[in-house]
Structure formats: structure tokens, C-alpha cells
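Enquirer: First the structure, which I've put down as C-alpha cells, then a few questions once you've had a look.
The values are calculated or read from the model by the stated rules, or taken from the named source; none is laboratory data. What you see is a predicted model; the values in this text were computed from it and never measured. No Cβ is skipped: glycine too gets one built from the backbone with ideal geometry, and neighbour counts run over all protein chains shown.
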Amino acid sequence: MKTWIFCCVVLLTGTITTPHGTGAEWPQFRGPGGQGRTSEKNLPLTWSDTENLVWKTKLPGAGASSPIALDDSLYVTCHSGYGVDSENPGRMEDLTLHVICLRSSGEILWDQHVKPRLPETERVRDHGYAAPTPATDGKALYVFFGRSGVLKFDLAGRQLWQTFVGDKTHGWGCGTSPILYQNLVIVNASVESGSLIALDQDSGKEVWRAEGMDASWNTPHLVELPDGTQELVVSVKGRILAFRPETGEPLWNCEGIPDYVCPSIVSHEGVIYVIGGRTSKAIAIRAGGRGDVTQSHRLWEAAAGANVTSPVVYDGHLYWVSDRNLVAYCVRLTDGEVIYSKRVKDQPYASTVAGDGKLYVVTRNGGTYVLAARPEFEQLAHNKLDDQSTFNASPIVADGRLYLRSDQFLYCIGR
């Protein structure tokens, strides 16, 4: 079983949970609602170290987390002191966790250090100790560091609280990012305690907990129903589970991916789309049911999936590039028909971002592919930077610019 899968995060949610008027442009993992999609236009197509590179900033540590954008600031996490160099990891006692704020000019405004809760996993393969992406409601910053807990910072970098959500660690590390709902911050602490946990944003105190997060490294997703209400959905080994986000009350469940699960869920018009597993599977389920909805609400299943990377919905289709078999997929939303499956050369861990008719696919060591966001495969560009470190983080879009994060630098790409 490959251990790099859990950098996907690194994988998040369904509808915009940031209050209107806060100026949050990319407030959480995979952007508004965790959908990996933007409505911005005139996004960059080509770039290099000498073309369309607005700035690059050396980061104080490595990480697989994506930055988030709020007004004229960016926030990202890193780790340093231990485990950055796999051949010479150093001493665990020197491990430092970082929460960083940068101005839109690329200048680092502040760098707050978080003391880890040791002992940590001796070696997190491929993505380290800073994989979860922060989340913001426009007023504060919420960060998840696995065993070291969930932390709240104000936007000036002052730590307001820290809450531990479990003691366990895993060789694949922590890979789920927090999401926000009303006055709750919700984390999938599958590794740390096998639980889905909601904390009060003001105090950090636990509000509710749901057990059964078995082998789940994906970020919870908020799906909006036709009546405007929301359900909280998470994919675990063998099942897809839905909860009432206010209380954690179980609502429905469905047969899911028969394996560990990393890719994030996405949704469209009350239907959720789940991919994952070494057998490569995609499933569509209509939300809003009760009890076991495997027979009543599961709409289709397709033989297409990924271990790490998450899909994106764009103009009636589901798109992603699999890290497992290096295949770019386009699947029709209405019936699950695989419209195309085309091999690519390089492996992504980052999840695809869609916008302006383009699909941005960041690979670990082979640059960024730009594909046409339409049901005919077309490679529009292949962009490389001189950076020899690894790109595990999913890209973000804010104010017409694309931001890429490697283990060494944060890049701002724009015209």
C-alpha cells in the first residue's frame, strides 16, 4: 500500500461557508465549498521562471498544505527541523510547525511557530507534518496539525486556543483539512481518534463527535440540498456517511469505496461524487435520504478513480487525473459514462483546479499540465519551473492569479 496517498489532502467541502462580505477568495482546501473550481477569467495559460512569474517566496519549511487567500493576504503551513530530508531526517525534538501569513506581494508578514505534541510519527512518507490546509471565516484562522491538535489564530498571528482531537499517529500522517459550518470547525480525525469532531469556534470546546471514521483521509464535505439545507458527508472505508452538521446526528449511509479513502468529495445540484481505491471506482449518490440508501439513492458507478487526487465538477462533467495509473478522466455527470481516459506522463498528488475553460494539474516533479475543460482531451500547455523540490500541494486561484506551492517556495503566477 503506497504511503504517499495522504497528502491529498489532502482532500474538502460542498458549499460556501464563509460569511458574505469577508473578502475570502480561497478560504479553505480546494476553495469555496471545497469544489476546486473558480469563476475567474483570464487565468494564466503558460509560465516559467522568466514568463508570467509575478513572484516567488522562499518558505521556512516544507509541506503539502495549500495556501488560502483572504483579502490581500495568504496563509499557509509548513514544518521544519525534522523529517524534511528523508535521508537525514534529524532529531524529532527539533520538529517545528509553522503558520505563516504572506502579503499578496509575496512578503512574509508573520511566521508563528507551534510546538508539536511529541512523539510524532517517526517518518511521514512523502508529505511530512504540514499536510492539512487552513480554513478562514474572514475573521480568524483555523489550522489542523493532527496529533498536535486544532488551533485558532487571529489574523495578526496570535494563537487563541488549541484543542487536541486524539493521540494516535500513522505512518501516512494526517491529511484532512478543517471545514467551517456556522459556529463550528469540523475535522475528520480518523488517524488521531477514528472520529469526526465538531468544535466551537469561539472556545475550541467539543460540540459533537461521530465515530466510525475508518481508514479515511478525506476532508468532510458540505452538500447543499434543493431546499437550501446542508448535509455533512464523509467517505470512509466501505461506506459513505452523512450527518446533520449542527449536531452530528447520522442521516444516511451508502456502500462506498472498499478501501482506504483519500480523495475529497465534490457535489453538484444535490448529488455527491466520490472516487477512490486501488480498484479505481467512482460513485454518484443523491443526497437527502435516510438510513441505508445504497439501493434507493446511488445513481451510478464507474470504473475510474484515484488514490490521492480529488475530482472537480465543470460544465456537466467530472474531471481528474489519477495519481495511481497516470490517467486523465472525464466522466459524464448524468450517467457515469467515461467520456475519455488518457494517459499522462507525470504523477500528481495535487487535486485538479478548474476555471476559465482550463484544468490545472500540478504534478509532483514534472510541472503543471493545463488541459482543456471540455469532454475532448486536449493538452493546452505544460509549464515547468526550475524548482527541483516536490509539488504536493493543490493550486489555488485568487484575483486572477494562480498560486503554486512546493516544498521550498510559494509561487504567484499571473499576467
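Enquirer: Which one is surrounded by the fewest Cβ atoms within 10 Å (Cβ to Cβ) among residues in the stretch 211-228 that are among the aliphatic types (A, V, I, L, M) and outside any loop (DSSP other than H, G, I, E, B)?
Expert: 222
Enquirer: Going through the stretch 121-174 one residue at a time, which ones are over 12 Å from residue 99 (Cβ atoms) and assigned to a helix (DSSP H, G or I)?
Expert: 146, 147
Enquirer: How about the stretch 14-39: which of its residues are under 21 Å from residue 106 (Cβ atoms) and modelled with pLDDT under 95?
Expert: 23, 24, 25 - these are the residues of the stretch 14-39 that are under 21 Å from residue 106 (Cβ atoms) and modelled with pLDDT under 95.
Enquirer: Scan the stretch 122-175 residue by residue and report those that are closer than 17 Å to residue 218 by Cβ, of a type in the set (Val, Ile, Thr) and in contact with a helix residue (DSSP H, G or I) (Cβ under 6 Å, 6 or more places away or on another chain).
Expert: 165, the sole residue that qualifies.
Enquirer: Where residues in the stretch 271-302 are in contact (Cβ under 8 Å) with a residue 24 or more places away in the chain, out of contact with any Asp or Glu (no Cβ under 9 Å at 6 or more places or on another chain) and hydroxyl-bearing (Ser, Thr, Tyr), which of them is farthest from residue 257 (Cα to Cα)?
Expert: Selected residue: 273.
Enquirer: Among the candidates 303, 354, 350, which residue alone is within 30 Å of residue 127 (Cα to Cα), more than 17 Å from the chain's Cα centre (by Cα) and of a type outside the set (Phe, Trp, Tyr)?
Expert: When all the criteria are applied, what remains is 303.
Enquirer: Now for a separate question. Among the residues of the stretch 68-84, what is the count of those that are at pLDDT below 95 and within 17 Å of residue 409 (Cβ to Cβ)?
Expert: Within the stretch 68-84, residues that are at pLDDT below 95 and within 17 Å of residue 409 (Cβ to Cβ) number 1.
Enquirer: In the stretch 36-81, which residues are among the aromatic types (Phe, Trp, Tyr) and within 20 Å of residue 136 (Cβ to Cβ)?
Expert: 75
Enquirer: Can you name the residue in the stretch 287-311 that is in a strand (DSSP E or B) and touching a Cys at 6+ places or on another chain (Cβ under 8 Å) and is also farthest from residue 35 (Cα to Cα) among such residues?
Expert: Here the answer is 292.
Enquirer: Just name the residue that is farthest from residue 278 (Cα to Cα) out of those in the stretch 185-224 that are of a type in the set (S, T, N, Q) and under 21 Å from the mean Cα position of the chain (by Cα).
Expert: 201
Enquirer: Please give the number of the condition residue 73 fails out of (1) within 26 Å of residue 401 (Cβ to Cβ); (2) polar (S, T, N, Q); (3) in contact with a Gly (Cβ under 6 Å, 6 or more places away or on another chain).
Expert: The failed condition is (3).
Enquirer: For the list (1) surrounded by fewer than 19 Cβ atoms within 10 Å (Cβ to Cβ); (2) under 25 Å from residue 122 (Cβ atoms); (3) β-branched (Val, Ile, Thr), I need the number of the one condition that residue 176 fails.
Expert: Result: residue 176 fails condition (1) only.
Enquirer: So which residues in the stretch 343-391 are closer than 15 Å to residue 326 by Cα, surrounded by fewer than 15 Cβ atoms within 10 Å (Cβ to Cβ) and charged (D, E, K, R), if there are any at all?
Expert: The answer is 343, 345.
Enquirer: Among the residues of the stretch 252-270, which ones are over 14 Å from residue 241 (Cα atoms) and more than 18 Å from the chain's Cα centre (by Cα)?
Expert: If the condition is that a residue be over 14 Å from residue 241 (Cα atoms) and more than 18 Å from the chain's Cα centre (by Cα), then 259, 269, 270 are the ones that fit.
Enquirer: Any chance the stretch 132-155 includes a residue that's buried (at least 24 other Cβ atoms within 10 Å of the Cβ), aliphatic (A, V, I, L, M) and either over 25 Å from residue 205 (Cβ atoms) or modelled with pLDDT under 95 (or both)?
Expert: No, the stretch 132-155 contains no residue that is buried (at least 24 other Cβ atoms within 10 Å of the Cβ), aliphatic (A, V, I, L, M) and either over 25 Å from residue 205 (Cβ atoms) or modelled with pLDDT under 95 (or both).
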